Amino acid sequence: MTTLTRLDAAREALRSACGDVADATPADAVDGVPAALVARPASTAETAEVLRAAAAHQLTVVPRGRGTKLTWGRPPESADLVLDTSRMSQVLDHAAGDLIVDTQAGALLSDVQTTVGSAGQRLALDEPVPGSSVGGMLATNASGPGRVAVGTARDLLIGVTVVRADGVVAKAGGRVVKNVAGYDLGKLVIGSFGTLVVVTEAVFRLHPEPTARGFVTVPFGTAEEASRLVQTVMNAQLVPAAVEVDWRADGAGTFGVLLEGTPAGVEGRTAAAVRLLGTGAEAAGQPPHGWGVPPWDDDAPDGPRPTALKLTCALSGLGPVLGSLRRAATGAGVPVALRGSGGAGVQYATLPGSAPVDAVATVVTQARAVCTEHGGSLVVLDGSPETKAGVDTWGPVPAIDLMRRVKEQFDPERRLAPGRFVGGI
């Protein structure tokens, strides 16, 4: 059977499965890899039918939410079918009394926040990339400075519905916060870049919306200063809701703390934070510019994609990691900007898209070594095709053999986003 004949047969089978199937356009390409077909199921049942049809016709499948992070990771080896979840956009249930929300994976995170916000509640997750879907956020494990207080999606997800590559539906967890049955499946799929299953529904626990919030900022100029400020706040009794380190390419840095709670409590802790942080510390009711958004969103939209990095380390290693990144970039002759959750040891950085590949590789290699030394890692989340081809995207992964065995269990024929994740998974 020729490729064209196979796709024609698959197209008809997919249309029987969900009805909304179209030929892909150049805009549907996944990180430069052209797609052939796009299916838009509206439910878990339709998703299962789509994946069964895709498996029967030997199609590779790349799940897509709103496309905001579709260039993260490695380009897939192929993308016969893009499974678009944007029609699965409903908030299925909001049990305000139980602090629970049940949502389809294609729902915008902002829409979920609007729904639960009507009851004075929130899903305590930052949205580092505006316009993200719930499924996309889970697939990439995106997070922001608020993780210092509530953790990430791994800590808030209590139930998940997924569809395997063969169309089998599986559920884990439930709607009760203390129910942890099957919870490991939820943790497993978070950050897997759509290579294990397609997430169709998610259940999260919520938090009450605070009645007051305040920000305290203070400038800094060196990695040592930034580390000292983070340690000072984290070791004090301030109970920060978020902590962020923002170090611009020109060398100017701003350390920020978010305090939440009752009006009286926030007022008192804000005053204490200003005293604690010392000269230059200022209180404000609004976040500083760029708060919670990775620095690559500051770049102009035209030209090559900037190289986006995610650096992690133990809190004690923050100073060495920040310093190594800045020194490596200076030595390679390229500017670097950094912004992230200092209190949680997770930083996002960007190098300009015009930077030579060998310069980017030098920065990545040197900074990665220091991240690893301090219990973390450095991942190249995004970049130009030339950068991704010439730079080790993921770096060393100690558990790679286990991860490959998990992929074999969930997707033995390698149909879901093949090659997009670490180690070619």
**Asked** Using the count of nearby Cβ atoms within 10 Å as a rough guide to exposure, how do 371, 18 rank from fewest to most?
**Response** 18, 371
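Taking the beta-carbon count within 10 Å as an exposure proxy, list 143, 133, 43 from fewest neighbours to most.
43, 143, 133
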**Fill in**
Answer check: segment 3-87, Cα atoms, Kirkwood Rh, Rg/Rh ratio of 0.94
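Could you give the length gained by full extension between residue 55 and residue 271, i.e. 0.36 nm per residue of separation minus their alpha carbon distance, to one decimal place?
71.7 nm
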**Message:** Output needed: percent of Cα pairs per 10 Å distance bin for segment 91-208, bins running from 0 to the one holding the longest distance.
**Reply:** 15, 51, 31, 3, 0
**Prompt:** Taking segment 295-400 as the region of interest, what is the percent of Cα-Cα pairs per 5 angstrom bin, listed from the shortest bin to the one with the maximum distance?
**Reply:** 2, 14, 26, 26, 19, 9, 3, 0
**Complete:** So the angle from the long Cα axis of helix 400-410 to the longest Cα principal axis of the chain, reported in degrees to the nearest 10, equals 40
**Asked** Stokes-Einstein at 10 °C, 1.306 mPa s, Kirkwood radius from Cα pairs: D for segment 212-284 in µm² s⁻¹?
**Response** 131
**Request:** Can you figure out the FRET efficiency of residue 365 with residue 77, using R₀ = 25 Å and their beta-carbon distance, to the nearest 0.05?
**Result:** 0.50
**Prompt:** Per residue Cα convex hull volume for the chain, in cubic angstrom?
**Reply:** 135
**Angle between the chain longest axis and helix 357-373 axis [Cα atoms, degrees, rounded to 10]** = 70
**Gain in span if fully extended, residue 231 to residue 141, counting 0.36 nm per residue against the direct Cα distance** = 29.9 nm
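If you stretched the chain out fully between residue 166 and residue 119, how much longer would it get, using 0.36 nm times the residue separation minus the C-alpha to C-alpha distance?
13.0 nm
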**Request:** Sort out for me the Cα centre separation of segment 356-401 from segment 1-71, rounded to whole Å.
**Result:** 31
**Request:** Report, ordered by chain and residue number, the aspartates and glutamates lying within cross-link reach of residue 388, taken as a straight Cα distance under 17 Å and ignoring same-chain residues fewer than 8 apart.
**Result:** 31, 77, 358
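Throughout, read-outs are computed from the coordinates displayed, never taken from laboratory work. As the structure is a computational prediction, the values presented were derived from the model and not from experiment. Glycine also receives a Cβ, built like all others from the backbone with ideal geometry; neighbour counts cover every protein chain displayed.
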